[in-house]
Amino acid sequence: MIDSRTAPFAALLLRVSLGVLFLAHVGLKIFVFTPAGTAKFFASVGMPPELAYVVIPAEVLAGIALILGVWTRFVAIAATPILLGAIFTVHGAAGFFFSNPHGGWEYPAFWTVALVVQALLGDGAYALGAPLANRLGGLRLTGAHSH
């Protein structure tokens with residue numbers, strides 16, 4: 001049985017954790033590898049290098065939106081292909097464990113599942129989704145809880 005008193009806070013913890021993970025991960029792409037280096041890496045694994053310039057802002061926006069609780073369900077589902085792409089283009093061939101050379105698919109698979117769980121849960125507590133939607137005239141793409 002789900003405890004309706006604590007479930008919104010569980011969704012909050014998951015949402016913020018996922019958002020911080022996206023920001024940390026994209027921080028590597030921006031500050032360590034650089035966008036140009038990330039594009040070269042994408043090309044080295046057979047993806048269009050231009051895709052890096054789509055993925056980087058997508059990860060930044062997903063991270064911020066998840067932390068704030070804005071369009072949580074939509075963002076969680078929309079970010080899922082990024083992780084699936086990482087599995088199928090880079091990590092899948094490296095085996096399961098992320099400690100394998102070139103990192104296995106264990107971590108991005110778990111991250112993908114967590115995004116799907118977040119989409120199923122919705123915003124959780126302290127999300128800006130519902131208040132923001134009310135200010136925008138009812139535009140609501142989430143199942144926000146007000147706490």
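Numbers below:
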item	result
Answer residue from the range 111-133, given it is open to solvent by 30 Å² or more (accessible area, probe 1.4 Å) and not aromatic (Phe, Trp, Tyr) and is farthest from Ser44 (Cα to Cα) among those	Pro131
So Ser4, is it over 20 Å from Ala78 (Cα atoms) and either in a loop (DSSP other than H, G, I, E, B) or not β-branched (Val, Ile, Thr) (or both)	yes
Some residue of the range 94-110 being in a helix (DSSP H, G or I), modelled with pLDDT of 95 or more, more than 21 Å from Ala24 (Cα to Cα) and open to solvent by 20 Å² or more (accessible area, probe 1.4 Å)	no
Subset tally (residues that are open to solvent by 50 Å² or more (accessible area, probe 1.4 Å), touching a residue at least 40 places away in the same chain (Cβ under 8 Å) and in a helix (DSSP H, G or I)) for the range 22-66	2
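The values are calculated or read from the model by the stated rules, or taken from the named source; none is laboratory data. Remember, predicted model here, so these are calculated numbers, not experimental data. Quick reminder, even Gly has a Cβ in these numbers, built from the backbone with ideal geometry, and neighbours come from all protein chains shown. Only protein heavy atoms, including side chains, enter the accessible area calculation; ligands, DNA and RNA are left aside. Shrake-Rupley method; radii C 1.70, N 1.55, O 1.52, S 1.80 Å.
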